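A quick write-up on the structure given underneath.
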Amino acid sequence: MTNLLDVKDLKMHFPVRRGVMQRVTGQVKAVDGVSFAIKPGETLGLVGESGCGKTTVGRSILRLLDPTAGSVMFDGTDVLAADRGELRALRRNMQIIFQDPYASLNPRMSVADIVGEGLKVHGLVKGRRAVQERVADLLTKVRLDPSYVNRYPHEFSGGQRQRIGIARAVSLNPKFIVCDEAVSALDVSIQAQIINLLMDLRDELGLSYLFVAHDLSVVRHISHRVAVMYLGKIVETASTKTLFEAPMHPYTKALLSAVPVANPTTKKERVPLTGDVPSPLSPPSGCAFHTRCPAVMDKCKVETPPVRDVGDGHTYVCHLEAG
């Protein structure tokens, strides 16, 4: 099956300016050579600690940020080379659901205007009545009362606002959606409802997701494959089942060991990590994880680790060999 999205060696470096003349004195390497692919109808979970670059990856793919380097091919089109007109057409098929349902909706706009804005911009629906009817259909699709079309964001709970954000994202019938921590600001019971809604919409509309999250239990439920990020780089990629049952990278093992277990009688070996995540302004030499890795070797401090292919799409970046 042909990939819907192909990301190769994506980099996003932010300049650090200091002094009266605002001279560039360094680069924050928020994303530093990320590569992955997503097939039609597939969900790739992107996980890692806060600040590792997950959100920046999602926004760079959509050109909400202009990447420093790399390649992003979407459905055969080079996203990074697209001009303004081409990018506008592309964005009908590439949407985003933001993390904060309180900040992502304009408080001065009604639900009809928020959800219907894209329909009007792209000329898909004409006339206020037709827009309201289409928005009412979309609200039904995300399991909200269609009579809410003339209400404003302050009249809704967090979960309802996120449903409005989802309705806005699917209004243009996109092929691909970046879910940027789409459930992290919600209560656990509401999280489950939103995750199930996203899965139903994926199956019904044939959507592909890049699901950015830090909650591994949520990622396990919704994702077909998972990519683990650390300090701007992807350190392991595998199918969800393989990653959770047979992780290879020491960082992945540490993340999984920290996931709470519901059964108190279940014994689980913790993999403690010492120290803090290094600064992306001056990442460590060699393997970026060597300053915290429990299995660190001398060559980890000076040599960049190779990409090891275990088979069946399972790869990891480490000096430790499989087995």
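The values are calculated or read from the model by the stated rules, or taken from the named source; none is laboratory data. Worth saying up front: this structure is predicted, and the values here are computed from it rather than measured. Note that we place each Cβ from the backbone using ideal geometry, even for glycine, and neighbour counts take in every protein chain shown.
Hey, among GLY159, GLY165, which residue is of a type outside the set (Lys, Arg), in a helix (DSSP H, G or I) and under 18 Å from the mean Cα position of the chain (by Cα)? Matching residue, one of GLY159, GLY165: GLY165. Within region 144-159, residues that are of a type in the set (Val, Ile, Thr) have Cβ atoms under 6 Å from residues that are crowded, with 16+ Cβ neighbours inside 10 Å in these pairs: VAL149/VAL111; VAL149/ALA112; VAL149/GLN132; VAL149/VAL135; VAL149/ALA136, counting only partners at least 6 apart in sequence or on another chain.
So that you can scan it fast, the table gives a plain yes or no per residue for (1) buried (at least 19 other Cβ atoms within 10 Å of the Cβ); (2) in contact (Cβ under 8 Å) with a residue 40 or more places away in the chain; (3) of a type in the set (Lys, Arg):
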| site | (1), (2), (3) |
| --- | --- |
| ASP298 | no, no, no |
| ARG308 | no, yes, yes |
| ASP312 | no, yes, no |
| VAL317 | yes, yes, no |
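Residues in region 168-181 include none that are without any contact (Cβ under 8 Å) to a residue 12 or more places away in the chain and either among the aliphatic types (A, V, I, L, M) or out of contact with any Lys or Arg (no Cβ under 6 Å at 6 or more places or on another chain) (or both). Out of everything in region 1-45 that is basic (Lys, Arg) and in a strand (DSSP E or B), what residue ends up being surrounded by the most Cβ atoms within 10 Å (Cβ to Cβ)? Residue satisfying both the conditions and the ranking: LYS29. The residues listed here are GLU133, GLU117, GLU86; of these, the one that is over 23 Å from LEU201 (Cα atoms), acidic (Asp, Glu) and over 17 Å from the mean Cα position of the chain (by Cα) is GLU86.
Of all residues in region 125-148, those satisfying the criterion of being surrounded by fewer than 22 Cβ atoms within 10 Å (Cβ to Cβ) and either touching a strand residue (DSSP E or B) at 6+ places or on another chain (Cβ under 6 Å) or among the β-branched types (Val, Ile, Thr) (or both) are VAL125, VAL131, THR140.
Going residue by residue through region 49-71, is there one that turns out to be among the acidic types (Asp, Glu) and at pLDDT 95 or above? No. Against the definition (hydrophobic (A, V, I, L, M, F, W, C), surrounded by fewer than 22 Cβ atoms within 10 Å (Cβ to Cβ) and within 19 Å of the chain's Cα centre (by Cα)), how does LEU172 come out, yes or no? Considered against the rule, which asks whether it is hydrophobic (A, V, I, L, M, F, W, C), surrounded by fewer than 22 Cβ atoms within 10 Å (Cβ to Cβ) and within 19 Å of the chain's Cα centre (by Cα), LEU172 comes out as no.
Among the residues in region 76-97, are any loosely packed, with under 14 Cβ neighbours inside 10 Å and either closer than 19 Å to LYS11 by Cβ or in contact with a Pro (Cβ under 7 Å, 6 or more places away or on another chain) (or both)? Yes, because at least one residue in region 76-97 is loosely packed, with under 14 Cβ neighbours inside 10 Å and either closer than 19 Å to LYS11 by Cβ or in contact with a Pro (Cβ under 7 Å, 6 or more places away or on another chain) (or both). Looking across VAL24, VAL57, VAL16, one residue alone is in contact (Cβ under 8 Å) with a residue 24 or more places away in the chain and over 13 Å from the mean Cα position of the chain (by Cα). It is VAL16.
Scanning region 46-75 for residues that are touching a Lys or Arg at 6+ places or on another chain (Cβ under 6 Å) and surrounded by fewer than 17 Cβ atoms within 10 Å (Cβ to Cβ) yields ALA69, SER71. Taken as a whole, the condition of being at pLDDT 85 or above, farther than 14 Å from TYR230 by Cβ and β-branched (Val, Ile, Thr) does not apply to VAL317.
In the set VAL219, VAL183, only one residue is aliphatic (A, V, I, L, M) and either outside any helix (DSSP H, G or I) or on the phi > 0 side of the Ramachandran plot (or both); that residue is VAL183.
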